[in-house]
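S.K.: I'd like to ask some things about the structure below.
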Amino acid sequence: MDRIVILTGAGLSAESGLGTFRDVGGLWTKYDLEEVATPEGFARNPALVHEFYNARRANCRGATPNPAHAALARLQAALPDRVTLVTQNVDDLLERAGAASVIHMHGELTRALCGACGHRWAAPDVMGVDDPCPACGTASTRPDIVWFGEIPYHMEQIDTALAQADLFVAIGTSGNVYPAAGFVQQAGFAGARTLELNLEASATSGLFDEARLGPASQLVPEWVD
Ligand code: BJW
């Protein structure tokens, strides 16, 4: 039975109007990542970090899934025991397209995390520095996002899926951020065929058995159907 592991990045949601990070005009050309996507930045200026993620949450609420999200949801529904969907994206567009099981390795915009006790809960639309954690009452509420220097979520589950994969597909990711950028090699060493679907060549294109270039909304449905 063929097992498929799919890794998605910001390019999957670009055509839904959500910004990528490293493309021209991407989020990191407008914001300093050290200030908004590191624990140190949050410690220095939590209000700025909340402002950044409140705006991202509002954009995400206003966005709708595109044909690439829908195609991946269809694929998982057709092959529920064979398709593992891993996303670096913090949006919920795969779920809103109908995907039943999505591994969010970099966290989720819709979740809040208590920096004091580790409790997680549904994030309000607007989060602020004085918000208390419902479990312990401490005002150290943060977005449930994996920042640089933190350990991505569900790594054991992802490593197991990569070790068992027959096919690994990366969609719309630049291959600049680890550990996700190393998944192609992990899957390849384990014997999987590897395929990249991206708008343009990425930092890791040369590591894939095959790379197809084009917009996700076109390439992903073509590959799935
Ligand atoms: C389209 C398209 C269309 C556009 N159709 N395609 C030196 C060497 C190696 C590693 C390190 C190092 N120094 C530090 C590290 C580690 C560090 C890291 O990788 N840094 C690099 C910058 C070098 N990584 C970490 O700190 C991670 N933790 C870690 O490693 O812990 C250790 C550990 C790991 C495992 C086990 C045990 C211990 C944590 C990384 C957290 C990343 N967080 C962010 C921000 C938070 C989320 C958020 O705010 O949204 O996550 S960074 C940001 O980059 C975000 C993304 O998920 C992530 C990846 O970006 P992505 O998705 O690839 O987006 P882009 O913009 O880069 O690319 C978009 C692509 O789409 C492009 O290729 C376009 O062409 C394409 N595209 N339109 C198809 N229509």
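The values are calculated or read from the model by the stated rules, or taken from the named source; none is laboratory data. Here the structure is a predicted model, which is why all the values come from computation and not from measurement. Please note: Cβ atoms are built from the backbone with ideal geometry, for glycine as well, and neighbour counts cover all protein chains shown. Accessible surface areas use protein heavy atoms only, side chains included; no ligands, DNA or RNA. Shrake-Rupley method; radii C 1.70, N 1.55, O 1.52, S 1.80 Å.
S.K.: Can you tell me which residues in the range 7-52 are within 30 Å of Arg74 (Cα to Cα), touching a Phe, Trp or Tyr at 6+ places or on another chain (Cβ under 8 Å) and buried (at least 21 other Cβ atoms within 10 Å of the Cβ)?
M.R.: Listed by number, the residues that qualify are Leu7, Ala10.
For (1) in contact with a helix residue (DSSP H, G or I) (Cβ under 6 Å, 6 or more places away or on another chain); (2) within 13 Å of the ligand (Cβ to nearest atom); (3) small (Gly, Ala, Ser), each residue gets a yes or a no:
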residue: Gly41; (1), (2), (3): yes, yes, yes
residue: Leu48; (1), (2), (3): no, no, no
residue: Phe52; (1), (2), (3): yes, yes, no
residue: Arg57; (1), (2), (3): no, yes, no
residue: Cys60; (1), (2), (3): no, yes, no
residue: Ala63; (1), (2), (3): no, no, yes
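S.K.: From the set of residues in the range 74-106 that are within 16 Å of the ligand (Cβ to nearest atom) and in a loop (DSSP other than H, G, I, E, B), which is nearest to Asp225 (Cα to Cα)?
M.R.: Filtering the range 74-106 for residues that are within 16 Å of the ligand (Cβ to nearest atom) and in a loop (DSSP other than H, G, I, E, B), the one nearest to Asp225 (Cα to Cα) comes out as Ala97.
S.K.: Here is a follow-up. Keeping to the range 53-62, report how many residues are among the hydrophobic types (A, V, I, L, M, F, W, C) and surrounded by fewer than 17 Cβ atoms within 10 Å (Cβ to Cβ). Lay out the reasoning, then the answer.
M.R.: So the first thing to find is which residues in the range 53-62 are among the hydrophobic types (A, V, I, L, M, F, W, C), and the list is 55, 58, 60.
In the following step, the residues that additionally are surrounded by fewer than 17 Cβ atoms within 10 Å (Cβ to Cβ) were identified as 55, 58.
Qualifying residue count for the region: 2.
S.K.: Another question, if that's okay. For the range 21-37, which residues satisfy the criterion of being within 6 Å of the ligand (Cβ to nearest atom) and either acidic (Asp, Glu) or in contact with a helix residue (DSSP H, G or I) (Cβ under 7 Å, 6 or more places away or on another chain) (or both)?
M.R.: Phe21, Arg22, Asp23
S.K.: Within the range 151-191, can you find the residues that are within 15 Å of the ligand (Cβ to nearest atom) and in a loop (DSSP other than H, G, I, E, B)?
M.R.: Ile151, Pro152, Tyr153, His154, Gly172, Thr173, Ser174, Gly175, Asn176, Val177, Tyr178, Pro179
S.K.: Looking at the range 192-218 only, could you name the residues that are in a loop (DSSP other than H, G, I, E, B) and open to solvent by less than 60 Å² (accessible area, probe 1.4 Å)?
M.R.: Ala192, Ser202, Thr204, Phe208, Gly214, Pro215
S.K.: Select from the range 145-176 the residues that are farther than 29 Å from Tyr53 by Cα and of a type in the set (A, V, I, L, M) and list them in ascending order.
M.R.: Of everything in the range 145-176, those that are farther than 29 Å from Tyr53 by Cα and of a type in the set (A, V, I, L, M) turn out to be Ala161, Leu162, Ala163, Ala165, Leu167.
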